[in-house]
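Structure, as structure tokens:
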Number of protein chains: 4
Amino acid sequence: MSKYKTLKEEAFEANMEIKKQNLAIYTWGNVSAFDPAKGVFAIKPSGVLYEKLKPQSIVVVDLDGKIVEGNLNPSSDTETHRVLYLEFQGIRGVTHTHSTYAVAWAQAGKPVPVFGTTHADHGTEPIPCTEFMSPEAVKNNYEFETGKLITETFKKAGLNPAHINMVLVSGHGPFTWGDSAAQSIYHGAVLEEICKMAWLTLSINPLANPLPEHIMEKHWKRKHGSSAYYGQKTQ
Amino acid sequence: MSKYKTLKEEAFEANMEIKKQNLAIYTWGNVSAFDPAKGVFAIKPSGVLYEKLKPQSIVVVDLDGKIVEGNLNPSSDTETHRVLYLEFQGIRGVTHTHSTYAVAWAQAGKPVPVFGTTHADHGTEPIPCTEFMSPEAVKNNYEFETGKLITETFKKAGLNPAHINMVLVSGHGPFTWGDSAAQSIYHGAVLEEICKMAWLTLSINPLANPLPEHIMEKHWKRKHGSSAYYGQKTQ
Amino acid sequence: MSKYKTLKEEAFEANMEIKKQNLAIYTWGNVSAFDPAKGVFAIKPSGVLYEKLKPQSIVVVDLDGKIVEGNLNPSSDTETHRVLYLEFQGIRGVTHTHSTYAVAWAQAGKPVPVFGTTHADHGTEPIPCTEFMSPEAVKNNYEFETGKLITETFKKAGLNPAHINMVLVSGHGPFTWGDSAAQSIYHGAVLEEICKMAWLTLSINPLANPLPEHIMEKHWKRKHGSSAYYGQKTQ
Amino acid sequence: MSKYKTLKEEAFEANMEIKKQNLAIYTWGNVSAFDPAKGVFAIKPSGVLYEKLKPQSIVVVDLDGKIVEGNLNPSSDTETHRVLYLEFQGIRGVTHTHSTYAVAWAQAGKPVPVFGTTHADHGTEPIPCTEFMSPEAVKNNYEFETGKLITETFKKAGLNPAHINMVLVSGHGPFTWGDSAAQSIYHGAVLEEICKMAWLTLSINPLANPLPEHIMEKHWKRKHGSSAYYGQKTQ
């Protein structure tokens, strides 16, 4: 029996959520689950329909990008996942989809302002949007460079990937992460909803104010940090 | 057997409607049912998925905010519900969700004009939108202050919560209420539809006229008051 | 056994389509089926949820507005249906809903231009939008006057209800009709789709051109009139 | 047994995808499958609901437009399909629908810019939009002329139908094609999603930049051509 069985099942379950949460048509999304102790992550195989996906078809890749288990090609976005695990210490899951509203903001090339508590419950900053990748970077390992583009964007702006677990890659789409594969896809669904709400907000009021700092802080702390009181202690 | 069994079942059924009416993703909504004779209300536990919710997991809270039955933490919005029951005499149910179009109007910081009979069938005024909460109020009991913000908004504008059973909290989202938990969630669904229609109306015609007073009055009275003739007498 | 059994079943089936085609939430729509030989129409009872509707609960009303069969109150819009059967010779079914996009155009107070063949396949003119009803008319029999408002709008503009089987009542919503109850609800679904497409068209291009006359004529004739060749002869 | 059994089944399956992918209400779409060796294509019968469609009801037509098998009238758009098979060498399937967002762009009379990688994964150019058909052409065989309008649009602009497998017919709607009937309907769903994303992009940022050439090229080559590495070799 595979020693990656649990990790592969975790990745499988999270990939199946893409369809349940309506975040992609056909095969347009992939989730991976990371095991830092073993130094490997389990990821969706490339181009396989979710309705045909099985736990066994999940591919296991190490931090050098080498396949350590699985007969199928891993997602073409595998190198992007790998960079995020290498550079964003502590994350355990990564999700990439082409969800409609998040892609629209990525194509618009705009960060998503914090317009409300729905956003503030999940992050304390606008959702960043990268620059377009340079022609030189595209000529290199494109998917690896996509990861670097994300991590450089966070470094340059002094952003903490533990507090902002989502990004828009300009002209492409969203990447989200979290404490687990399940949380990364949860953040994918949250981002899609935030992006839809923000678009509607501007459509109703192009001069809408961002949420004041004091309310934003409050909502983040309700759900996160030492004094959080949302949810159940025993869950 | 619990003496709150019926009240908890009422709250349970109304919370399950959140998903059926597509008013929230994940756990982003909560409904409570109030029993004025017993001076308690039954409310969703915090952070529990609707698909895992059971009548037994509903928490019963009294008007001082003390838990009188249940092992789980009540919704983090419990204090807001409590204020509404204390101040809006006669209501028996309260609903809070993060439904997409209502949140968008709340984030836009705009009251929703009465553009048509769909709105007038359910209320005789624009749906009010509060101010942002002050930094001082946020430092206090935030959720309690959210309730006060709503009731103060109604008082200042001279609005009758029996005629306008919905409000938008600026930068946050909708609260609705009614004669029962079931009616409060019905008003949540009505508000979402009204918000979508009003956004589309302005998108088609930024200079759209509000519904004339005489038609608005007529529609309200068709469904409400002593001469109402909508529906069945025996229902 | 009721001599209106077939008519009531026809009305029942058409009312159930409201939910299947997503044209209303809760009870916000009603369809009737007309039998000109018997001089009666069968219509949904007021305020009954579609999931609780049965063929037996359908109410039969004559052209004077008198209930001839049924224990429930008929739809509060019954008088509007009655006027349409009296004035639009040859129609056999009427549908009224609060479908989202059609209501938005009605609230915007704008006729829907013929932007494409989807519209032209079903009508040769913009979908008319009435004026607001006058205070005097509202004081009369409101629902009867709604019917008059529709038929007067057609008369004044010289429109043929056999060629344009849909209308928007300003600030209220759509009424559609057809050769049968089933066709009237089909036109309700067509109108909703046309309204969504027209809104999107203007959102993409505020200066979009209407469909040229020669293409509009062609599409209408493909489906209607003596030289129609769409569909199957034997159906 | 029919010697077209496999081709008819292929066409049947692809037509059933129209509903699964939500690309049309009622009967508003049709797919055909082409067998170049036999010189025939199998197409949906006109005006038949998808829920009543069977493999046996599919009609087989030759390249002169003559029915070679089937008792029903073929789709009224058959002549358009025929022209595409005659003029776009190598294609094996054609899809036409009235999907909402693609129709909106067609009615807006605008080509869809390449705003992102979702588009670039499937084509290297903006999605072309034809002119309106002339009154003379409409008087001829209208559906045949629709095909000519598409192929002339490609010729005039020097576009390669192997690289851009979708088009918008002005004031009408989308036609897509591919290596099989299944791929043509896949392209129909892709086009609908691209059109929705592009509309949202412009709504968020009316000055949104198209995707830079170097990223567009990269995404096309990831999925197409000799060095493609998306998906599984063995699939």
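The values are calculated or read from the model by the stated rules, or taken from the named source; none is laboratory data. Keep in mind the model is a prediction, meaning the values are calculated, not measured. Neighbour counts are summed over all protein chains in view; Cβ atoms, including those assigned to glycine, are modelled from backbone coordinates with ideal geometry. Protein only, heavy atoms only, side chains kept; ligands, DNA and RNA dropped before computing areas. Shrake-Rupley method; radii C 1.70, N 1.55, O 1.52, S 1.80 Å.
Quick notes on this one:
- Qualifying residue in region D:157-169 (condition: within 22 Å of A:Ala104 (Cα to Cα), in contact with a Gly (Cβ under 8 Å, 6 or more places away or on another chain), crowded, with 19+ Cβ neighbours inside 10 Å and within 14 Å of another protein chain (Cβ to nearest Cβ)): no
- Reported count of residues in region B:176-205, each being more than 7 Å from chain C (Cβ to nearest Cβ) and closer than 19 Å to C:Ala102 by Cβ, is 7.
- Which numbered condition C:Leu86 fails, given (1) surrounded by fewer than 23 Cβ atoms within 10 Å (Cβ to Cβ); (2) more than 12 Å from chain B (Cβ to nearest Cβ); (3) in a loop (DSSP other than H, G, I, E, B): (3)
- The residues of region D:26-46 that are surrounded by fewer than 24 Cβ atoms within 10 Å (Cβ to Cβ), in a loop (DSSP other than H, G, I, E, B) and either in contact (Cβ under 8 Å) with a residue 24 or more places away in the chain or more than 14 Å from chain C (Cβ to nearest Cβ) (or both), listed by number, are D:Trp28, D:Pro36, D:Ala37, D:Lys38, D:Gly39, D:Ser46.
- Residue count for region A:118-137, restricted to those that are of a type outside the set (Val, Ile, Thr) and within 14 Å of chain D (Cβ to nearest Cβ): 9
- Checklist (1) under 18 Å from the mean Cα position of the chain (by Cα); (2) more than 19 Å from A:Ile185 (Cβ to Cβ); (3) open to solvent by less than 10 Å² (accessible area, probe 1.4 Å) applied to A:Ala108, failing item: (1)
- Residues within region C:134-151 that are in contact with a Leu (Cβ under 8 Å, 6 or more places away or on another chain) and either open to solvent by less than 10 Å² (accessible area, probe 1.4 Å) or closer than 17 Å to C:His81 by Cβ (or both), tallied: 3
- Filter result for the condition that a residue is over 30 Å from B:Leu49 (Cβ atoms), in a helix (DSSP H, G or I) and aromatic (Phe, Trp, Tyr), over B:Phe115, B:Phe132, B:Phe154, B:Phe144: B:Phe154
- Residues located in region C:60-77, provided they are within 11 Å of chain B (Cβ to nearest Cβ) and buried (at least 16 other Cβ atoms within 10 Å of the Cβ): C:Leu72, C:Asn73, C:Pro74, C:Ser75, C:Ser76, C:Asp77
- From the options C:Gly123, C:Gly93, residue that is farther than 22 Å from B:Thr201 by Cβ and modelled with pLDDT under 95: C:Gly123
- Within the span defined as region D:205-221, one or more residues are within 16 Å of A:Gly47 (Cα to Cα) and open to solvent by 50 Å² or more (accessible area, probe 1.4 Å).
- Remark: pairs (first residue in region D:193-221, outside any helix (DSSP H, G or I); second residue buried (at least 17 other Cβ atoms within 10 Å of the Cβ) and among the basic types (Lys, Arg); Cβ separation under 7 Å; 6+ apart in sequence or on different chains) = D:Asn205/A:Lys110.
- Qualifying residue in region A:91-103 (condition: out of contact with any helix residue (DSSP H, G or I) (no Cβ under 9 Å at 6 or more places or on another chain) and either outside any strand (DSSP E or B) or open to solvent by 20 Å² or more (accessible area, probe 1.4 Å) (or both)): no
- Exclusive hit being in contact with a helix residue (DSSP H, G or I) (Cβ under 7 Å, 6 or more places away or on another chain) and surrounded by 19 or more Cβ atoms within 10 Å (Cβ to Cβ), set C:Thr124, C:Thr130: C:Thr130
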